[in-house]
Amino acid sequence: MTRVLVVEDDPQLVRALVINMQARRYGVDAAPDGATALRLAAARQPDVVILDLGLPDMDGVDVLRALRGWSRVPVLVLSARRSSGEKVAALDAGADDYITKPFSMDELLARLRAAVRRTEDITPSAGTTRVVTADFTIDLLAKKVVRGGTDVRLTPTEWQLLEILVIHPGRLVTQKHLLQEVWGVSQRNKTNYLRVYMAQLRRKLESDPSHPRYLITEPGMGYRFEG
Ligand code: CA
């Protein structure tokens, strides 16, 4: 059984979440504040955490940072706030995905399933060296991409970008994270580097680069590889 920890201070929302998840045979614990959340996360070892950012005792991002000190459990962040800055802060602190309130229960459950599935995908495939899509194959060990039977020539920078996205399939990787990993900088004005290199990667890998199927932009936030 998949165990979910719901960290949310709105009792009505908690009730709706618990009912819906129990109906789908999830085991659910609920914490109304950050301190309880951290205690329950340690005691119950959930498989996935749903974390509201607006909590009465501490900021959800601080809960996430504390949790990431010792746990890699997938965290799905709930945010009522509109600013993408807060979501980016949560993603940079180690959130796996976010969902903006108000949300439909179906959407939340779909994101939850995806978060759990990704951990299942990653665990047995930790030694995975090949990523195969309908259009190209990536050999992570040989650092090679083959498309239509031909090697695709990538620059070292293009390769680094692609590799980071591909080893986190389905996961939104923030601009800041990519800039730090590839260029060692996090200045916002460097996001044009990312746009340029992502455009090059799409030209080399996507059959329709203006409507990418694999290298997806999340506007203002980052990029996602859909395998
Ligand atoms: Ca709240």
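The values are calculated or read from the model by the stated rules, or taken from the named source; none is laboratory data. These figures come from a predicted structure and were not determined experimentally. Here the Cβ is made from the backbone with ideal geometry for all residues, glycine too, and neighbour counts use every protein chain on show. Areas reflect the complete protein model, heavy atoms only, side chains present, ligands, DNA and RNA absent. Shrake-Rupley method; radii C 1.70, N 1.55, O 1.52, S 1.80 Å.
Structural remarks
- Against the list (1) away from the ligand (no atom under 15 Å from the Cβ); (2) outside any helix (DSSP H, G or I); (3) open to solvent by less than 60 Å² (accessible area, probe 1.4 Å), the condition residue 99 fails is (1).
- Of everything listed in (1) surrounded by 23 or more Cβ atoms within 10 Å (Cβ to Cβ); (2) more than 16 Å from the ligand (Cβ to nearest atom); (3) part of a strand (DSSP E or B), the single unmet condition for residue 41 is (3).
- Any hit, the range 141-157, residues being within 14 Å of the chain's Cα centre (by Cα), assigned to a helix (DSSP H, G or I) and at pLDDT below 90: no
- Boolean, residue 47 is more than 13 Å from the chain's Cα centre (by Cα), farther than 20 Å from residue 116 by Cα and open to solvent by 20 Å² or more (accessible area, probe 1.4 Å): no
- Unique match (being closer than 25 Å to residue 76 by Cα, basic (Lys, Arg), part of a helix (DSSP H, G or I) and open to solvent by 40 Å² or more (accessible area, probe 1.4 Å)) among 190, 176, 204: 176
- Residues of the range 26-38 satisfying the condition of being away from the ligand (no atom under 12 Å from the Cβ) and over 21 Å from residue 111 (Cα atoms): 35, 36, 38
- Selected residue (criterion: most open to solvent (accessible area, probe 1.4 Å)) from residues of the range 55-83 that are part of a loop (DSSP other than H, G, I, E, B) and more than 14 Å from the ligand (Cβ to nearest atom): 72
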